[in-house]
Amino acid sequence: GDSVTQMEGPVTLSEEAFLTINCTYTATGYPSLFWYVQYPGEGLQLLLKATKADDKGSNKGFEATYRKETTSFHLEKGSVQVSDSAVYFCALSAYPSGGYNKLIFGAGTRLAVHP
Amino acid sequence: GAVVSQHPSRVICKSGTSVKIECRSLDFQATTMFWYRQFPKQSLMLMATSNEGSKATYEQGVEKDKFLINHASLTLSTLTVTSAHPEDSSFYICSAMGDRDTEAFFGQGTRLTVV
């Protein structure tokens, strides 16, 4: 079945460091790919998405490129801030085989950024 | 983005009792709502999908008689954990999607502890 694998955390970085969180997926068909962020005490928020191969999603300095050849959607940011500390989830939408917006999540990666 | 409110944020209940969790879309009509659960250090797992006015569709392995879902209106879905046991202790989170939206918006989640 469809699945998402992302790197285990926690990831601990100093402020202004470069961030990469790896995400790979297995899916039949052509899924859409997402990164969600969960700040402490809050629900998940959509960070960025890409709906087809070679698309690049970007938001708040974060970027991820949909790589069909490597089935990857790695999250990157050039210079992290303390306020980026959160849990990051990679996800795919299994539409059409799984229904529109039926999301399959990775296990989440906790990011801690220190001053 | 749109707002989804989930209540309560935390609940502790005795084994054998039932607990109801509410999920409300505050500023849009949610034709579809999703319920997830998350065990510690694991990913969110989809439990069921509900459409307003119809019976929920449960994922394989989820007991529909134990996890009762009601989506009686376009702004409210409830999840009732019946005869709760300690193994039901988990983080439950809902998401809601409007009719033509491509994004599902998440509630803040409910931490259920059964003692």
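Every read-out reported here was derived from the displayed coordinates using simple, explicitly stated rules and does not represent laboratory data. Please read these numbers as outputs of a predicted model, since none were measured by experiment. Counting neighbours? That spans all protein chains shown, and the Cβs are built from the backbone with ideal geometry, glycine included.
Here r is the Cβ-Cβ distance between A:Ser58 and B:Met45 and R0 is 35 Å; the resulting FRET efficiency, rounded to 0.05, is 0.75. A Förster radius of 30 Å combined with the Cβ-Cβ distance from A:Tyr39 to A:Ser3 puts the calculated FRET efficiency at roughly 0.75.
For a label point 7 Å from the Cα of A:His114 along Cα→C-beta, name the residues of region A:6-40 whose backbone N is under 20 Å from it. Hits in region A:6-40 for A:His114 at 20 Å: A:8-21, A:40.
Multiply the residue gap between B:Lys66 and B:Leu26 by 0.36 nm, knock off their C-alpha separation, and tell me the result in nm, one decimal place.
11.7 nm
Let me know the shape class of region A:37-115, please: from the alpha-carbon gyration tensor, a ≥ b ≥ c as square roots of the eigenvalues, rounded when a/c is under 1.5, otherwise prolate if a/b is greater than b/c, or oblate. Oblate, because a/c is 1.5 or more while a/b does not exceed b/c.
Calculate, for A:Ala17 and B:Thr82, the FRET efficiency according to 1/(1 + (r/R0)^6) with r their C-beta to C-beta distance and R0 35 Å; round to the nearest 0.05. Once the sixth-power term is evaluated, E becomes 0.15. Pair-distance distribution P(r) for the protein assembly as shown, from all Cα-Cα distances in 10 Å bins starting at 0: 8, 33, 35, 20, 4, 0 percent.
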